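A.B. asks: Quick one: the structure is below, questions incoming.
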Amino acid sequence: MYWHWYLLGTAALMTSGVGACGGVAVRTGWLLPWLRRRTLRPELWGYGAMLGSAGLLLQMAYGAVDELDNSQTIGTAVFVTSVLLLVAGAWFQLLATRERVDG
């Protein structure tokens, strides 16, 4: 059963890397080379990457270390919060690829 922790650690490390790339995009405006052509607003893309990685890390952390004896209420709250973070991150990344519309 130890292989579960190796997989979880690898996934958490990769997800944290995405969050770090988002932080760099917010701070400096730098993007990975394959994202530069279609991303028009790198700061917004960075916020989306950080939100999405926070949602994934929240879900992984709660699923791996459930010290509250499978509390149904807290489990549902964590699930809903992580899904909302993922959806908000995806929405921000989608908006980052579109032209700015000032009405």
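The values are calculated or read from the model by the stated rules, or taken from the named source; none is laboratory data. Since the model is a prediction, treat every value here as computed from it, not as a measurement. All Cβ positions, glycine included, derive from the backbone under ideal geometry; neighbour counts span all protein chains shown. For accessibility, only protein heavy atoms count, side chains too; no ligands or nucleic acids. Shrake-Rupley method; radii C 1.70, N 1.55, O 1.52, S 1.80 Å.
A.B. asks: Before we move on, is M1 modelled with pLDDT of 90 or more and either surrounded by fewer than 18 Cβ atoms within 10 Å (Cβ to Cβ) or in contact with a Phe, Trp or Tyr (Cβ under 9 Å, 6 or more places away or on another chain) (or both)?
C.D. replies: Values: modelled with pLDDT of 90 or more: no; either surrounded by fewer than 18 Cβ atoms within 10 Å (Cβ to Cβ) or in contact with a Phe, Trp or Tyr (Cβ under 9 Å, 6 or more places away or on another chain) (or both): yes.
Answer is no for this residue.
A.B. asks: I'm checking my understanding of the structure. Among residues of segment 33-43 that are of a type in the set (A, V, I, L, M, F, W, C) and open to solvent by 40 Å² or more (accessible area, probe 1.4 Å), which one is nearest to A96 (Cα to Cα)?
C.D. replies: Top of the filtered list is L40.
A.B. asks: Here is a further query. If I go through segment 72-93 residue by residue, how many of them are closer than 30 Å to L40 by Cβ, aliphatic (A, V, I, L, M) and free of Cβ contacts under 8 Å to residues at least 40 places away in the same chain? Spell out how you get there, then give the answer.
C.D. replies: Of the residues in segment 72-93, the ones closer than 30 Å to L40 by Cβ are 81-93.
This time we only want the ones that are aliphatic (A, V, I, L, M), so: 83-88, 90.
Okay, now just the ones that are also free of Cβ contacts under 8 Å to residues at least 40 places away in the same chain, so 83-87.
Residues flagged as closer than 30 Å to L40 by Cβ, aliphatic (A, V, I, L, M) and free of Cβ contacts under 8 Å to residues at least 40 places away in the same chain within segment 72-93 amount to 5.
A.B. asks: Here is a check on your reading of the model: is T97 on the phi < 0 side of the Ramachandran plot, open to solvent by less than 60 Å² (accessible area, probe 1.4 Å) and in contact with a Leu (Cβ under 7 Å, 6 or more places away or on another chain)?
C.D. replies: So T97 passes the test.
A.B. asks: Test G103 against the criterion of being modelled with pLDDT under 95, open to solvent by 70 Å² or more (accessible area, probe 1.4 Å) and among the small types (G, A, S), and give yes or no.
C.D. replies: Answer is yes for this residue.
A.B. asks: Tell me yes or no: at least one residue of segment 32-50 is aliphatic (A, V, I, L, M) and without any contact (Cβ under 8 Å) to a residue 12 or more places away in the chain.
C.D. replies: Looking through segment 32-50, at least one residue is aliphatic (A, V, I, L, M) and without any contact (Cβ under 8 Å) to a residue 12 or more places away in the chain.
A.B. asks: Of these, A88, A49, A64, which one is crowded, with 17+ Cβ neighbours inside 10 Å and either in contact with a helix residue (DSSP H, G or I) (Cβ under 6 Å, 6 or more places away or on another chain) or not hydrophobic (A, V, I, L, M, F, W, C) (or both)?
C.D. replies: A49
A.B. asks: Please enumerate the residues belonging to segment 10-31 that are open to solvent by less than 40 Å² (accessible area, probe 1.4 Å) and free of Cβ contacts under 8 Å to residues at least 12 places away in the same chain.
C.D. replies: Hit for segment 10-31 is G17, nothing else.
The rows are residues; the columns are (1) farther than 23 Å from L84 by Cα; (2) outside any helix (DSSP H, G or I).
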residue: Y6; (1), (2): yes, no
residue: A11; (1), (2): no, no
residue: V18; (1), (2): no, no
residue: G23; (1), (2): no, no
residue: V26; (1), (2): no, no
residue: W30; (1), (2): yes, yes
residue: W34; (1), (2): yes, no
residue: L44; (1), (2): no, no
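A.B. asks: Name the single residue, out of those in segment 52-100 being within 26 Å of R37 (Cβ to Cβ) and not in a helix (DSSP H, G or I), that is modelled with the lowest pLDDT. First the steps, then the outcome.
C.D. replies: Step one: of segment 52-100, the residues within 26 Å of R37 (Cβ to Cβ) are 52-53, 56, 86-100.
Filter once more, so that each one left must be not in a helix (DSSP H, G or I): 97-100.
Values: T97: 92, R98: 89, E99: 83, R100: 78.
Ranking the candidates gives R100 first.
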